[in-house]
Amino acid sequence: MSDIPRSAPTPSARAFAYPGFRRYYLGAVCGTNGGWVSRVLMAWLAWDLTGAPAFVGAVAAASLLPVAVCGPVFGAVIDRMRARLAFRRVALGLLMVPVILAALLGLGLLGPGLLFAVALVFGTVMSAYHPVRQTLGPRLVERPAIGSVVALDALNFNLGRLMAPAVGGAIIAEAGTFAAACLAVVLAIPNALIAPTLRPREGDHSAHGALLADLGQGFRVVWSRWPLRRSMLLAVAALGLMRGLSEILALVADGIFARGAAGLGLLTSAVGGGALIAAVFQVAAGSRLVRNRPLRFAMIAAGFAATLGVVYAPAFEWALLCAAMLGFATTFVGVSLQIGVQARLEDGYRGRVMSIWMLANTASTAALAFAISAVTEWVGMPLATTGFVALCAVAVLAIWLRPLRE
């Protein structure tokens, strides 16, 4: 039996009107903050154990790459399962990782090899968690509230990104790594307790075939429906560029302004602050305004302008303002596109299509971050960034000029 009430004559457009979603969101807030604490902890341990920048990068890659590599496969698996069962299993996985990390720290057994293995397990669990949460949330509400679900999800992510790393770092500094690992365990518990109480809509799984065939069907759905394909292409051309620059802000902070790690922290916080403001605005504005097509493309243009502003700023303070605008535009466009994708999906395709969405975002961010940094070696960062902004602007314009067909 579903948690969604059937008696209301007009379904609510507010996700918090649904009791099941309210319980789910409580667990999501705790889990998101716990995940960020775990990321900060693993990054610090990688540096503390080895003092090698390359190993810090390797641990970060181990926690991120599975999302791109394994995400579509997990999306196909999740579409073949009951959503409630999938979430229960993933919630246990999210609890298992910090428990293992805390146990290894408590017993004094953690070394570089085991830390890398834990990071890889963490990344694999997260590659399953992303399609599960993007499937489960919309199944706990009726269709008019799906935009509210996506906006609240962005608000949760950006609040966690802004607050949890600072809290985790302070706890590591004051109480040690074991205390931080215990906090991550505590924050993972609510999801494990809440998961069995949820009653999402469940579909008919009898029509599914072989796993690879189901995975291929997800890609065919995206390719055959222009509105879905269009959103994915915009994610690559627009979000890939803006998020790509956000990943290499060290080149701006120290390479352009000679501000070192402190400058990098300020630029990263500015991006996070702008993203948080966008998430709050979108929750308050509602999905109709967020999905406004001219406004979305205006935000893409503003994001491209902010990207250039960051690298051409005459002073560091101006770069901070542009970084905040970049964070605002990235979150606004990302949430707007994701609402459009989710609103057009049948429940049976959510796991596969949303995992492809994650693949498009992750791969394009990584590729453009690498491309900008590589070309910077030859021509400098301002000129390299200008070239990629021009290239992506042409791609976005071509998508804009093609009519939107249902």
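All of the numbers you see were taken from the coordinates with simple rules; none came from a lab. What you see is a predicted model, and the numbers here were worked out from it, not measured in a lab. Positions of Cβ are generated from backbone atoms using ideal geometry, with glycine treated the same way; all protein chains shown enter the neighbour counts.
Tabulated data for the structure shown
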quantity	calculated
Relative packing of peptides 328-335, 379-386 - highest average C-beta neighbours within 10 Å first	328-335, 379-386
Farthest toward positive dipole pole in the chain [+1 Lys/Arg, -1 Asp/Glu at C-beta], among 65, 300, 250	300
Gyration tensor (alpha-carbon) shape descriptor, the chain, a/c threshold 1.5	oblate
Extension gain from residue 390 to residue 363, taking 0.36 nm per residue of separation minus the Cα-Cα distance	7.7 nm
Residue with peak Gaussian network fluctuation, the chain [Cα springs, cutoff 10 Å], from 268, 197, 362	197
Student exercise, the chain dipole from Lys, Arg, Asp, Glu Cβ charges, in Debye to nearest 20	1460 debye
Sparse-neighbourhood loop sites, chymotrypsin sites (Phe, Trp or Tyr not before Pro) in region 343-388 - DSSP loop, at most 15 other Cβ within 10 angstrom	none
Along the chain, longest interval not containing exposed trypsin sites (Lys or Arg not before Pro), exposed being DSSP loop plus at most 10 other Cβ atoms within 10 Å	7-404
Relative contact order %, region 211-401, counting alpha carbon pairs below 8 Å whose residues are six or more apart	36 percent
Evaluated at q = 0.15, 0.23 Å⁻¹: base-10 log I(q)/I(0), Debye formula over Cα of region 141-265	-1.19, -1.31
Tensor-based shape of region 211-401 (alpha-carbon gyration tensor, a/c under 1.5 rounded, otherwise prolate or oblate)	prolate
Percentage relative contact order, the chain, counting C-alpha pairs under 8 Å, at least six apart	26 percent
Spatial separation of Cα centroids for region 212-244 and region 111-149, in angstrom	19 Å
Fewest-first ranking of 317, 202, 142, using other Cβ atoms within 10 Å as the exposure measure	317, 202, 142
Total formal charge among the other residues, if their Cβ is under 9 angstrom from that of residue 368, Lys/Arg +1 and Asp/Glu -1	0
Per-residue [θ]222 nm for the chain (sum of -39500 (n - 2.57) over DSSP H runs n ≥ 4, rounded to 500)	-27500 deg cm²/dmol
Relative contact order of region 274-351, defined on C-alpha pairs under 8 angstrom at six or more residues apart (%)	43 percent
Dipole magnitude of region 15-197, debye to nearest 20 (Cβ charges: Lys/Arg +1, Asp/Glu -1, about Cα centre)	680 debye
